[in-house]
């Protein structure tokens, strides 16, 4: 699918506008980023994704910055440019410094290296790692 | 490569033993997990990987637990069983609760979902996300 | 994370049991598969994931079998054994024959081959592919 | 590899032209898309890939649209832009509506989310999922 | 899909036996490994895959060992256990030493690390890398 | 993270300049490619990555061209554009011909196809593949 036309406030259906309104209210901003304007092509996905993101990224046992760092790390690891850019910006807003970003990318790089070393050598899981829960 | 025979202390060369000793000293334990015993088949990789891990995972702008959570998140996302088990255990040792683990896996899942939504719709990066540094 | 202990009906909290009940009612079965028993360790993820699956996999412009075939194809492509097994079984229940499964795996294989050919040659997107929406 | 120069009809060897002719005849078009013009740099790969695609995508137990939807789903999941664009166009030609595309991307997203949940919790495969064939 | 029942010589159709015979003749062995016995469930995939492998892995500008090393490297990188085991064995037969294997896994690890560094920093391609062909 | 500003020689700290000097000396060139100028944002990652690359890519049991072909193969397989371009150029400098590149991409494609076939059919590893070391 080529770049999708973005649907903004004026062109949006009532269903889409309701989600846009909730995004703006929750984030205390009047700006909607392109991701949501693209998802507006399929309103059920727009609504469901927003509801899930709002719930998953709310503060819990992990604070919001830690959650954004994890989100960003996965996005970097997957090579998703949009997600890296948008969650990089979100993490920065929540306090991620350039030094923290540098360390995050370094950890993501190392994890991808050692993941392949472990898979390449088919290392068996140590028994004492088997009872996490 | 089938499961690699694991090289332990007694069978190890002096070069390997030196790395094993540093692992034990750094971690204040007398235990070496299977990953390092497998890497001992290629001593330069063993030494280089340990040196890198020790440097990357040392406290910095990100604290050790946050680094382990990021490492674990990437390992879960890559489906690397050994790495998920070993870094899950490491994160637990550093204070990760079951609730934190549950939230981490939830964020990793959401990130993988939205990474595909962003790629599927080929969402263009918003201009205001372009100046992170 | 090592294999998680599975939480079944009797050990489940009221919140978890409510989701289990809805799974059984929706699927007209008295059986809960391991995925949900594992997710029960983090009830918000259990509930949110079930709600999303129920909505996404309901009949729509794509019929349920086509949706299961797509789900299975992605799971095969990602090498997720549990998901390949569970969605393979679901697709079979909805009518997938061995011949259809053979063709599905063949398409998944070809897609992974040509994805790398396209990336390896860095093929530019044809202009006439740019206006899908 | 940077963007490869595209080889068109006039510059092509007899071997390449023969494949191009078969593509045009099979698809009843006079147009060759960039993928094949890039593969023309390695004629054996061009010929073998075209022969395979023609066979795999021919109608069988799965109809051509279902095959294209599966192909597209894997391409979205892999983040392959060219393949997403070209197979998105192919699926549209065969009848994929915007609504169907929206649902397809939603399923791809969910599959990627739950694949990580299953891997993160290391869910054991249920016995009754073990006898598909 | 759970582990597929393996189809061996005696249970095989004439079409499958013809492929099995060609595998044995080409490889000068009387042994068929499990991959082909699994693919025998879908004879067109069995035949097409064998024909492609035979052509792609034949000596060319790259010698057979180099091709096996590349095949193995991709399989390690993808975390495909069966492929890592079978192509590891094939590379060993063609002369891969434990030292070469150790270096191969090290390169695969580094490539996966720097791939994420390049994606994480979104490094622009240098102009002088743009004219490979 | 959007495209990172590139740090060149003049703007670089002493620590970064020392790495840049070593890159130029090792490669006998006065040119630094963008990857290193981006990594200069996080000097410890710059130094560690350069030290690792220099060690891993030095001639050993595998010659430098074979190592670059493996590096390139993984980069193509991961869809990392920068890495594909830079390691494609490096391999070309070391003697990779267009014909070799064509064969490499073909092997990468086939490996990705059969990796999914093996995972899709969940093929059990043959016993005789289990003793590589």
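Readers should treat all values here as calculations from the given coordinates under stated rules, not as data from a laboratory. It should be emphasised that the depicted structure is a prediction, and the values quoted were computed from it without experimental measurement. Methodologically, a virtual Cβ is constructed for each residue, glycine included, from the backbone with ideal geometry; neighbour enumeration extends over all protein chains shown.
Here is how far apart the residue F:31 label points are across copies: 3.8, 3.8, 4.9, 5.2, 6.3 nm, shortest first, using a point 7 Å from Cα toward Cβ.
Angle of helix B:43-56 to the longest C-alpha principal axis of chain B, folded into 0 to 90 degrees and rounded to 10: 50°. Here is the size of the protein assembly as shown from its Cα atoms: Rg then Dmax, 25.1, 73 Å.
Counting Cβ atoms of other protein chains within 10 Å of each residue's Cβ and taking the mean over peptide E:92-99 gives 3.
Relative contact order, whole percent, for the stretch A:17-133 stands at 16, derived from Cα pairs under 8 Å and 6 or more residues apart.
In chain B, the beta carbon lying closest to the axis that superposes B onto C belongs to the residue given here with its whole-angstrom distance, B:79, 4. Per residue, the Cα convex hull of chain F amounts to 163 Å³. Please report how far the C-alpha centroid of the stretch B:40-62 lies from that of the stretch F:40-91, rounded to the nearest whole angstrom. With the stretch B:40-62 and the stretch F:40-91 each reduced to a Cα centre, they are spaced 18 Å. With the highest mean first, a sort of the peptides D:111-122, B:88-99, D:43-54, F:8-19 on other beta-carbon atoms found within 10 angstrom per residue produces D:111-122, D:43-54, B:88-99, F:8-19.
Between copies, residue B:98 shows label-point distances of 4.3, 4.3, 4.4, 4.7, 6.3 nm, shortest first, with the point placed 7 angstrom from Cα along Cα to C-beta. Helix F:14-27 and the longest principal axis of the Cα set of chain F meet at an angle near 60°. Average 1/r across all pairs of distinct alpha carbons in the stretch C:53-123, invert it, and you get the Kirkwood radius: 13.0 Å. Starting from the label point of residue A:51 at 7 Å along Cα→Cβ, the same points in the other copies fall at 0.5, 5.0, 5.2, 5.2, 5.4 nm, in ascending order.
Relative to the longest principal axis of the Cα atoms of chain B, the long axis of helix B:64-78 lies at roughly 80 degrees.
Expressed as a fraction of 2.2 N^0.38 Å, the value expected for a compact globular protein of N residues, the C-alpha radius of gyration of the stretch A:1-56 is 1.05.
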